[in-house]
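The values are calculated or read from the model by the stated rules, or taken from the named source; none is laboratory data. Predicted, not measured: the structure shown is a model, and the values here were computed from it. Virtual Cβ from ideal backbone geometry, glycine too; neighbours counted across all protein chains shown. Calculation scope for accessible area: heavy atoms of the full protein, side chains included, ligands and nucleic acids excluded. Shrake-Rupley method; radii C 1.70, N 1.55, O 1.52, S 1.80 Å.
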Amino acid sequence: MAVAALRAAAQQDVLPAAKALYDLTDDPAPLLRCLEPELGRGGWDLRDAARTAAALGSRGAALAPLLRGALSDPGKDTTSALDTDTALAEALWRVTGDPEPVVAVLASVFDRAAQSQWTRWSVARAARATALLGPAGRPLTARLEAALDDPVQAPAAALALVAVADPAALDHAALASAALASAESDADPAGACDALEALGGAALNGDHLRRLEVLADGDARVVRSGVESRIIRQDEAFRDRARALLATFRNTAMS
């Protein structure tokens with residue numbers, strides 16, 4: 001009965017119903033049909049439509065022309081335009097597996113973001129999308145390296161560099177330092193943990209481990225900003241993860 005109701009709603013191009021129907025039945029046809037007008041009309045829902053298309057993987061290959069057509073004007077450098085283009089690039093990668101147009105879109109996002117001081121998180125999101133490409137994202141290495149000096153962007157950039165760059169060319173210790181500095185300044189503590197986990201214990205020297213220990217068990221809170229009612233909980237979650245990483249890295253060093 002629920003499937004029938006969802007199918008009826010999907011026939012009316014109700015995207016949430018089509019999503020739920022896909023989750024229940026694994027039938028992509030109604031979702032594809034709903035996504036076509038969503039991607040074609042653009043607007044504020046475009047990012048959500050792109051994420052939904054990405055979840056289809058290769059089943060969404062027919063949407064590739066619409067995803068490309070939905071990309072913003074190359075001159076737009078607003079946060080909304082950059083984040084939407086990043087979502088579209090990720091969707092293109094997941095549905096086609098073709099890195100060339102995806103690299104071009106992400107390169108454009110990085111270049112446009114460099115023109116504004118308000119797009120730091122857009123760069124971080126583009127870096128995380130770049131990490132999905134693996135070695136196919138290597139042409140973006142220089143742009144990722146340029147993001148390492150900004151504590152907001154550094155963890156995502158380090159994470160992406162581990163995934164895409166030539167390992168022999170990476171300064172793993174410098175990447176670890178950049179990630180730790182981001183956590184120490186409360187720029188992106190959670191992202192710093194992601195980067196450190198990707199780097200592994202071999203990238204950390206004694207000073208790095210001491211800094212991580214202070215973050216995990218020091219008196220001062222690491223997470224000091226955000227929604228007041230969530231700060232304590234987020235800080236404790238970060239410390240728990242930092243302690244787990246520290247234990248893993250020390251065990252690795254001893255084995």
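Structure notes:
- When the residues of the stretch 90-116 are filtered to those that are at pLDDT below 95 and either among the polar types (S, T, N, Q) or within 24 Å of G60 (Cα to Cα) (or both), the one that is least open to solvent (accessible area, probe 1.4 Å) is S116.
- Of the residues making up the stretch 207-219, one or more are over 23 Å from A147 (Cα atoms) and part of a loop (DSSP other than H, G, I, E, B).
- Meets criteria (surrounded by 19 or more Cβ atoms within 10 Å (Cβ to Cβ), modelled with pLDDT of 85 or more and more than 17 Å from the chain's Cα centre (by Cα)) for L66: yes
- For the stretch 71-89, the condition of being at pLDDT 95 or above and among the acidic types (D, E) holds for at least one residue.
- Which listed residue is under 27 Å from L144 (Cβ atoms) and at pLDDT 95 or above, from A202, A183: A183
- The condition of being over 28 Å from L71 (Cα atoms), modelled with pLDDT of 95 or more, surrounded by 23 or more Cβ atoms within 10 Å (Cβ to Cβ) and of a type outside the set (S, T, N, Q) holds for only one of A160, A192, that being A192.
- Wholly within the stretch 136-185, helices (runs of 4 or more DSSP H) carrying at least 2 residues that are without any contact (Cβ under 8 Å) to a residue 40 or more places away in the chain, out of contact with any Leu (no Cβ under 7 Å at 6 or more places or on another chain) and more than 28 Å from V214 (Cα to Cα): 141-146
- A87 fulfils the conditions (1) buried (at least 20 other Cβ atoms within 10 Å of the Cβ); (2) in contact with a Ser or Thr (Cβ under 9 Å, 6 or more places away or on another chain) except for a single criterion, (2).
- Residue among T78, T141, T119 that is buried (at least 19 other Cβ atoms within 10 Å of the Cβ) and of a type in the set (S, T, Y): T119
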